[in-house]
Structure formats: structure tokens, C-alpha cells
Amino acid sequence: MQPDVEMQLVNEFGIQELNIRLGGNSALLSASELDRLIEQLGLLRCELLPEVNRNVSSDDCYAVEMHPRWKAIPYPMIDGVVLFLRHGGFGWTGFAIPPTALDELIEIVTNAPSFASGN
């Protein structure tokens, strides 16, 4: 049986860290150490089966960024763009978007309903 993983934010000596406990072992991780761990876990997850679901499901809960930052950079190798999206917890992630998908994205954004601001 796998030991439980417990995580808790702690603030020792005025520095906020993440305490991860796995079985009888524990480690304190700083924000930069946690960033590296998240990045490494994401890369390793790409190699594991079953793969991450290819479809968005209304039954699942997602970490949604309410005020995302983004940057699009032309990417000549695919004649498209690389779209970088920033999530406050996961950091920056890049997606290479080829021309046909870029056309679809432009169409969706262009035809998205606009909502008047209440301000």
C-alpha cells in the first residue's frame, strides 16, 4: 500500500514553505524548489499512461486562472504561433498552434459574445 502524501504550508522563521510528508519522511520546499518539482512532475506525467484526458469534461474540476497573462510569439517552423499562458500556480506553459488551429482560435475569439462591464 502506498503511504499517504500530506502537504501543509508552513511559515518558519518568516519564510513560507511547503512541508511535504510521505510516509515517515518529510521535506520543506521553497517556492523556487516547488516550481522545479511541478515542472519536473509535469514533464514526467507526459510519459505516463493512461494519458491525460484529451477532452474537457464537465464532471472534472479544473484549476482556472481568473486573470491569466499570455504572450503569443510567431513560430516559423510550423507557420503558426506559440501561445504562452501563465497560471498563478503552474507558471508559464507554451502551446505550438499550427495555422489551421490558429484560424479556429481566431474564429472563436472573434465570434465570442461580449459582455458589457458593470463598471
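Please arrange ARG69, ARG21 by counting, for each residue, the other beta carbons lying within 10 Å of its beta carbon, fewest first. Don't skip to the answer; put the middle values down first.
On the way: ARG69 11, ARG21 14.
Listed from fewest to most nearby Cβ atoms, that is ARG69, ARG21.
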- Item | Derived scalar couplings ³J(HN,Hα) [segment 67-83; Karplus, 6.51 cos²θ - 1.76 cosθ + 1.60; whole Hz; x for Gly, Pro] | 10, x, 9, 8, 8, 10, 10, x, 10, x, 5, 10, 6, x, 9, 9, 9
- Query: Each residue of segment 55-63 in order: what ³J(HN,Hα) in whole Hz does its phi give by Karplus 6.51 cos²θ - 1.76 cosθ + 1.60, θ = phi - 60°, with x for Gly and Pro?
  - Reply: 10, 7, 10, 6, 8, 9, 9, 10, 7
- Query: Cα axis of helix 99-110 to longest principal axis of the chain: angle in degrees, 0 to 90, nearest 10?
  - Reply: 90
- Note on the structure: Note to self, the chain gives a 222 nm [θ] from helices alone (DSSP H runs n ≥ 4, -39500 (n - 2.57) apiece, / all residues, nearest 500) of -7500 deg cm²/dmol
- Message: If you filter segment 32-112 for GluC sites (Glu not before Pro), then keep DSSP loop positions with at most 12 other Cβ within 10 Å, what is left?
- Response: GLU47, GLU51
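Work out the length of the dipole vector of segment 1-52 about its Cα centre, built from +1 on the beta-carbon of each Lys and Arg and -1 on the beta-carbon of each Asp and Glu, and round it to the nearest 20 debye. Walk me through the intermediate numbers first.
Numbers: 3 positive and 9 negative charges, 13 e Å.
Dipole of segment 1-52, to the nearest 20 debye: 60 debye.
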- Query: Applying the Karplus parametrisation 6.51 cos²θ - 1.76 cosθ + 1.60 with θ = phi - 60° to the phi angles of segment 43-51, what ³J(HN,Hα) value in whole Hz is obtained for each residue in order, glycine and proline being reported as x?
  - Reply: 5, 5, 4, 4, 8, 8, 10, x, 5
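Subtract the Cα-Cα distance of ILE15 and GLU107 from 0.36 nm times their separation in residues, and report this length gain in nm to one decimal.
On the way: separation 92, 0.36 × 92 = 33.12 nm, distance 4.64 nm.
The ILE15-GLU107 span can extend by a further 28.5 nm.
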- Would you please name the chymotrypsin sites (Phe, Trp or Tyr not before Pro) within segment 1-88 that are DSSP coil residues with at most 15 other C-beta atoms within 10 Å of their C-beta? PHE13, TYR62
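FYI, it's all coordinate maths here, none of it is from the lab. Bear in mind the structure is a predicted one, so any value in this text is a computation, not a measurement. Note: ideal-geometry Cβ built from the backbone for every residue, glycine included; neighbour counts use all protein chains shown.
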